[in-house]
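In what follows, a structure is listed as structure tokens, so that the remarks can point back to it.
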Amino acid sequence: MTINWFKYASPASFYFLAGRMVPYFATLAIIFLVVGLYIGFFVAPTDFQQGEAYRIIFIHVPAAWMSMFLYVIMAFWAGVGLAFNTRLSSMVASAIAPTGAMFAFLALWTGAWWGKPMWGTWWVWDARLTSELILFFLYIGFMSLQAAIDDPKRADKAGAVIALVGVVNVPIIYFSVQWWNTLHQGASVSLVQSPKMATAMLSGMLIMTLAAWMYSIVMILTRTRLIILERERHTAWVSELKEGVLE
Amino acid sequence: MKPRHKKMAVIALSVSALAVSVVLVLNAFQSNLVFFFSPSQVAAKEAPIGKSFRVGGLVEEGSLKRVGDGTTMKFAITDTAEVIKVVYTGILPDLFKEGKGVVAQGKIADDGVFYADEVLAKHDENYMPPEAAAALEQAAKAQKTSFTQ
């Protein structure tokens with residue numbers, strides 16, 4: 001049996017598919033969040049140099065990872081929308097931006113809160129912090145540009161250009177701590193090295209990352225559904241939905 | 001080539017052209033992107049002597065001294081090759097310790113001493129419980145003694 005993927009590229013069928021998927025991902029998000037926070041606060045040991053303050057990593061690291069990852073996904077779908085004129089791809093890209101911006105802000109904010117007691121400063125203009133701030137501005141720029149253009153098709157195209165241009169910033173954020181001297185420490189977890197963290201700390205962080213993933217999926221699917229309704233409001237199926245004919 | 005493939009190629013080309021130009025720009029600004037200089041770089045006169053800049057390294061073991069008023073500290077920053085003496089008045093961050101990472105901002109005076117007006121702690125990427133850290137330290141000590149024997 002082959003699945004007809006193009007069927008789900010139509011906003012109408014995606015609307016219903018996404019609606020059916022949301023509850024499952026929401027359940028997973030809550031489970032991972034509860035387990036992750038429990039490990040983070042009660043199971044993971046105190047750190048030998050930072051004491052309890054290191055526990056910020058259970059929010060900070062997943063948020064920073066998601067902010068970078070979501071940007072790449074957003075740029076990918078915006079690019080697909082630009083190349084193939086597929087409406088749904090552009091809608092998904094627009095739906096990703098606010099969640100990505102939220103995670104970028106969260107990473108910056110928790111980092112500042114932690115930086116004051118640990119480093120002795122809220123903020124420094126080192127390569128890691130500055131490039132993450134640029135990522136936040138890219139999200140904001142993408143959203144404001146799209147909001148400033150009334151015609152959705154032109155808004156999608158303009159947004160796609162910003163998203164694709166900004167994607168070069170993501171590897172800069174990731175590798176900044178290797179390429180330059182920064183105040184921010186190097187990566188504790190990477191694909192090529194064994195992690196430099198105790199197992200309980202690492203598992204808490206990874207479960208919190210899964211929670212952030214599930215939360216992002218829920219938010220993006222829900223927001224995509226709203227964008228679909230808004231843009232397809234003149235179509236027959238949305239009117240039928242409004243009158244309660246479709247379920 | 002179908003038009004949409006052409007479009008895709010144009011997008012791919014522009015993104016890679018942009019990536020290349022960013023790499024070139026970053027390379028050109030290499031020295032400006034460095035957050036701090038190491039004591040060796042300062043010794044080699046690579047740091048902007050005369051202007052305010054940052055020095056980073058480890059606080060040398062046994063170098064931390066409090067002088068007079070109790071809020072002025074003297075310590076040395078080392079990268080195991082070169083050493084810079086630092087004088088600082090103010091509050092040190094929690095993670096400031098001998099043998100740990102530090103970044104100090106200030107100026108080098110004519111006497112070769114670095115007068116810092118800001119001291120930040122830089123810690124490493126290792127996270128572990130205190131017992132594990134103590135065990136590691138023990139192991140390192142044991143290894144050291146076995147080397148000298």
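Worth a mention:
- Tallying residues that are surrounded by 18 or more Cβ atoms within 10 Å (Cβ to Cβ), touching a residue at least 24 places away in the same chain (Cβ under 8 Å) and out of contact with any Ser or Thr (no Cβ under 9 Å at 6 or more places or on another chain) within the stretch B:13-46 yields 2.
- Pairs where the first residue, in the stretch A:221-235, is free of Cβ contacts under 8 Å to residues at least 24 places away in the same chain and the second is surrounded by fewer than 17 Cβ atoms within 10 Å (Cβ to Cβ) and hydroxyl-bearing (Ser, Thr, Tyr), C-beta under 8 Å, 6+ apart: none
- Applying the criterion of being within 13 Å of another protein chain (Cβ to nearest Cβ) and of a type outside the set (Gly, Ala, Ser) to the residues of the stretch B:43-58, the residue that is nearest to B:VAL83 (Cα to Cα) is B:VAL55.
- Inspection of the stretch A:97-105 finds no residue satisfying the criterion of being within 14 Å of another protein chain (Cβ to nearest Cβ), farther than 29 Å from B:ALA132 by Cβ, surrounded by fewer than 23 Cβ atoms within 10 Å (Cβ to Cβ) and not hydrophobic (A, V, I, L, M, F, W, C).
- Total residues in the stretch A:77-96, condition of a type outside the set (Val, Ile, Thr), surrounded by fewer than 21 Cβ atoms within 10 Å (Cβ to Cβ) and within 11 Å of chain B (Cβ to nearest Cβ): 3
- Just one of the listed residues (A:ALA18, A:ALA29, A:ALA64) is crowded, with 19+ Cβ neighbours inside 10 Å and over 30 Å from B:TYR127 (Cα atoms), namely A:ALA18.
- Scan of the stretch B:66-98 for residues that are more than 17 Å from the chain's Cα centre (by Cα), surrounded by 15 or more Cβ atoms within 10 Å (Cβ to Cβ) and farther than 18 Å from A:TRP119 by Cα, ordered by number: B:VAL87
- Selected residue (criterion: farthest from B:HIS123 (Cα to Cα)) from residues of the stretch A:33-61 that are away from chain B (no Cβ under 11 Å) and out of contact with any helix residue (DSSP H, G or I) (no Cβ under 6 Å at 6 or more places or on another chain): A:VAL34
- Qualifying positions in the stretch A:171-211 - within 11 Å of chain B (Cβ to nearest Cβ), crowded, with 17+ Cβ neighbours inside 10 Å and β-branched (Val, Ile, Thr): A:ILE172, A:VAL177, A:THR182, A:VAL189
- Flag for A:ALA12 being modelled with pLDDT under 90, within 14 Å of chain B (Cβ to nearest Cβ) and in a helix (DSSP H, G or I): no
- Among the residues listed as A:ALA44, A:ALA95, A:ALA9, A:ALA83, the single one being under 16 Å from the mean Cα position of the chain (by Cα) and of a type outside the set (Phe, Trp, Tyr): A:ALA95
- Positions within the stretch A:136-166 being away from every other protein chain (no Cβ under 13 Å), among the hydrophobic types (A, V, I, L, M, F, W, C) and closer than 22 Å to B:ALA17 by Cβ, in sequence order: A:LEU138, A:PHE142, A:LEU145, A:ALA158
- The listed residue being of a type outside the set (S, T, N, Q) and touching a strand residue (DSSP E or B) at 6+ places or on another chain (Cβ under 6 Å), out of A:GLY120, A:GLY115, A:GLY141, A:GLY111: A:GLY120
- Candidates are the residues of the stretch A:131-147 that are under 20 Å from A:SER89 (Cα atoms) and without any contact (Cβ under 8 Å) to a residue 40 or more places away in the chain; the one that is surrounded by the most Cβ atoms within 10 Å (Cβ to Cβ) is A:GLY141.
- Across the stretch B:5-18, the number of residues qualifying as within 7 Å of chain A (Cβ to nearest Cβ) and over 12 Å from A:GLY79 (Cα atoms) comes to 1.
Rundown of residues vs (1) aliphatic (A, V, I, L, M); (2) within 14 Å of chain A (Cβ to nearest Cβ); (3) at negative phi; (4) in a strand (DSSP E or B), yes/no style:
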| site | (1), (2), (3), (4) |
| --- | --- |
| B:PRO93 | no, yes, yes, no |
| B:GLU98 | no, yes, yes, no |
| B:GLN105 | no, yes, yes, yes |
| B:LEU120 | yes, yes, yes, yes |
| B:ALA133 | yes, yes, yes, no |
| B:GLU137 | no, yes, yes, no |
| B:LYS141 | no, no, yes, no |
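The values are calculated or read from the model by the stated rules, or taken from the named source; none is laboratory data. Note that the structure is a prediction, hence the values are computed from the model and not measured. Positions of Cβ are backbone-derived with ideal geometry, glycine not excepted, and every protein chain shown enters the neighbour counts.
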